[in-house]
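See structure below.
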Amino acid sequence: MFESTDLAAVWLTLKLAAVTTTLLLVIGTPLAWWLARTRSWWKGPAGAVVALPIVLPPTVIGFYLLVAMGPNGPVGQFTQALGLGLLPFTFAGLVVASVFYSLPFVVQPLQNAFEAIGERPLEAAATLRASPLDAFFSVVVPLARPGYLTASVLGFAHTVGEFGVVLMIGGNIPDQTRVVSVQIYDHVEAMEYAQAHGLAAGMVVFSFLVLLALYTLNPTGRRK
Amino acid sequence: MHPLAKKLLPLALLFAGHATWADEVQVAVAANFTAPMQKIAAEFEKDTGHKAQLSFGGTGKFYAQIRNGAPFQVLLAADDETPAKLEKEAMTQPGSRFTYAIGKLVLWSTKPGYVDDQGEVLRKGDFNKLALANPKLAPYGLAAMESITRLGVLSAVESKFVQGENIAQTYQFVSTGNAELGFVALSQVMKDGRIASGSAWIVPASLHTPIRQDAVVLANGKGNAAAGALMKYLKGDKARAIIKGYGYDL
């Protein structure tokens, strides 16, 4: 029932979501930590920028990314100066876009988890002569595990569900930028409804199972 | 009934039947016909008093929406297959279908002097990407694919393909400079009978199947005076002049 192009799209989507989630956890951890603990004036603006992709339509993000990453855009000039070429129509470009697009879904659960932990466990760790880095990995990370679970699942699932941004900067290249959501769209447009149903139903089942796992493993959601 | 009313009633019915009153028509317009249709609709509204509500997009998407009860009364498709298919499925008003424009394909770059008037730039292959509309979905994409194949450069340029889901998106890829070269609709880059910016090669019609764009009144539009008036207007001199001004054949 699935064509080889469908399976290629599924594989590419999983790869994109995995790379994006990994990068987001690496970038999101210090960012969320800073947001959770800073008293700086910048906390408000930074938090707002992180949350932007939740409210902006994907067309706005896709359009600005296309322009910014193009040959005349600031990002495009930067990547060209580094000898990397242009990002649109490449897998790397999709990763950059997805990291921005799914950022709040990773940062916000982590930030909530860090805020819930508070100062006291760290103070206790400090009295035991733990270095701040040691304290972070042996005290904060284990305490924030539900936050990390939520962040990973939401970051991954949100990237799998991405469509508008990929459509606008992807260029529909097999094995590079043709993800499942775009493939479904093409099937529908080409009136190949049977193939569209196969992939679309798969997406519904996948999304349900992911969220079910999240709510079962993490019944309280965020920690109070 | 008052005797006078009795005399006036047929007269009133005559006017009602004639529908000289302003009506509104919902039109689904192929993406490549966006600019000319906006102009035509403005003139149409001025001349007839009817109102035309325009929606722009890919013809395949419109097909799916129409099959699922979209409120469009007229479809201006990017091809002749979709209207014919809808006709076969009894989703149209029989006998209303006609070709309103024949599209022209153009190889375009935003860089002035880059595209030569023979399309040799395709053979040189020193461009980063070649944008075209998805040949599976868009008639302009199919025409581009046929031209590339007939020129014998398919294997040379295939690795540089980037595909837009319709011709509007393909234009976007080229106009933002992300693709140095692309096959778009002449109507998108033509203004007042000239290529408005960059450089272009009008692909000879002999290289691909003609892009016949058909219009049809949908089943929804039966009895809508504005729908009939719009079809008539599209065949009129004023509309045809606008359509030609954007580089379409008729």
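The values are calculated or read from the model by the stated rules, or taken from the named source; none is laboratory data. None of these values were measured; they are calculated from a predicted model. Backbone-built Cβ (ideal geometry, glycine too); neighbour counts: all protein chains shown. What goes into the accessible areas is simple: the full protein's heavy atoms, side chains included, and nothing from ligands, DNA or RNA. Shrake-Rupley method; radii C 1.70, N 1.55, O 1.52, S 1.80 Å.
In degrees, nearest 10, range 0 to 90: what is the angle between the Cα axis of helix A:180-189 and the longest Cα principal axis of chain A?
Compared with the principal axis, the helix lies near 30 degrees.
In debye, nearest 20, what is the charge dipole magnitude of region A:4-217 about its Cα centre with +1 on Lys and Arg Cβ and -1 on Asp and Glu Cβ, if you could check?
660
Kindly report, to the nearest 10 Å², the accessible surface of A:Val141 as traced by a 1.4 Å probe over protein heavy atoms only.
40
Computing the accessible area with a 1.4 Å probe over protein heavy atoms, can you report the carbon and sulfur percentage for chain B?
Ligands and nucleic acids excluded, carbon and sulfur give 54 percent.
What size of dipole, in debye to the nearest 20, comes out for region B:126-214 about its Cα centre when the only charges are +1 on Lys and Arg C-beta atoms and -1 on Asp and Glu C-beta atoms?
Once rounded to the nearest 20, the dipole reads 80 debye.
Sort B:Asp126, B:Asp116 by accessible area with a 1.4 Å probe, largest first.
Largest accessible area first, the residues go B:Asp126, B:Asp116.
Rounded to two decimals, what ratio of Rg to Rh does region A:4-217 give with C-alpha atoms and a Kirkwood Rh?
Radius of gyration over Kirkwood radius for region A:4-217 works out to 1.03.
Determine the calculated [θ] at 222 nm for chain A from helices alone, applying -39500 (n - 2.57) to every DSSP H run no shorter than 4 residues and normalising by the residue count; nearest 500 deg cm²/dmol.
One gets -24000 deg cm²/dmol as the mean residue ellipticity at 222 nm.
At what distance in nm do the modelled label points of A:Trp41 and B:Asp116 sit from each other, each positioned 7 Å from its Cα along Cα→Cβ?
6.1
For n ≥ 4 DSSP H runs only, could you compute -39500 (n - 2.57) per run for chain B, divide by its residues and tell me the 222 nm figure to the nearest 500?
-11500 deg cm²/dmol
Any idea which of A:Gly73, A:Ala97, A:Pro109 is furthest toward the positive side of the dipole for region A:25-145, if Lys and Arg beta-carbons carry +1 and Asp and Glu beta-carbons -1?
Result: A:Pro109.
Sum up the charges of everything whose Cβ sits under 14 Å from the Cβ of A:Val188, counting Lys and Arg as +1 and Asp and Glu as -1, but leave A:Val188 out.
Cβ neighbours under 14 Å give a net charge of -2.
Charges at C-beta only: +1 for Lys and Arg, -1 for Asp and Glu. How large is the resulting dipole of the protein assembly as shown about its Cα centre, in Debye rounded to 20?
Dipole magnitude for the protein assembly as shown comes out near 960 debye.
Tell me the carbon and sulfur percent of the accessible area for region A:4-217, rounded to whole percent, probe radius 1.4 Å.
72
Compute the Cα gyration tensor for region B:105-202, then decide on rounded, prolate or oblate, letting a ≥ b ≥ c be the square roots of its eigenvalues: rounded whenever a/c is under 1.5, prolate when a/b is larger than b/c in the other cases, and oblate in all that remain.
Rounded, since a/c falls under 1.5.
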